[in-house]
1. What's the total number of residues in the range 57-83 that are assigned to a loop (DSSP other than H, G, I, E, B) and surrounded by 17 or more Cβ atoms within 10 Å (Cβ to Cβ)?
2. Please verify whether SER93 is farther than 14 Å from ILE133 by Cβ, in contact with a Lys or Arg (Cβ under 6 Å, 6 or more places away or on another chain) and modelled with pLDDT under 85, treating the condition exactly as stated.
Amino acid sequence: MRKRNAIAGLLVPALMALGSPAFANEGERVQVTGEIMDTWCYFSGVMGGPDAVVGSAHHTCALWCSAGGIPVGLLAEDGTVYMILKIEEDDASAGGDTQLTLASHEVTADGMLYQRDGLNYLVVEEVVSDLDITNLNAEDLGTIPPFAIPKGER
């Protein structure tokens with residue numbers, strides 16, 4: 001037990017030093033326009049791929065995922081995905097009930113972009129505009145959702 005405590009006594013300060021601001025990535029102020037989306041369905045493909053997981057065609061699932069704590073993202077107009085860490089002053093806004101009001105909305109977000117290991121993280125300081133759900137129907141996806149069509153026929 002004493003040996004384990006001694007090791008922890010050495011490791012904790014070392015790990016804390018690694019997490020200090022000297023080692024942190026510096027953020028870049030950005031303004032990004034796109035749709036607040038459900039990252040699980042988007043990345044897993046469980047709902048048929050990227051085109052099937054946006055707009056009102058996917059709104060109900062986005063609400064359920066957000067309420068279940070799945071991290072939300074912002075799908076920018078250029079296709080870049082930003083993982084949202086925080087929106088405005090709400091520390092719990094990366095998932096859960098806070099995002100029930102923004103799921104599937106097209107927004108312009110102003111905040112700090114942090115990039116690490118090929119991922120984009122966004123701390124939204126202000127939602128500059130909220131156009132609500134702009135993809136109001138599934139016409140762009142056709143009458144049959146893409147995930148219902150056999151892969152060889154897509």
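The values are calculated or read from the model by the stated rules, or taken from the named source; none is laboratory data. Everything quoted here is computed from the prediction, not taken from an experiment. Cβ: placed from backbone, ideal geometry, glycine included. Neighbour counts: every protein chain shown.
1. 1
2. yes
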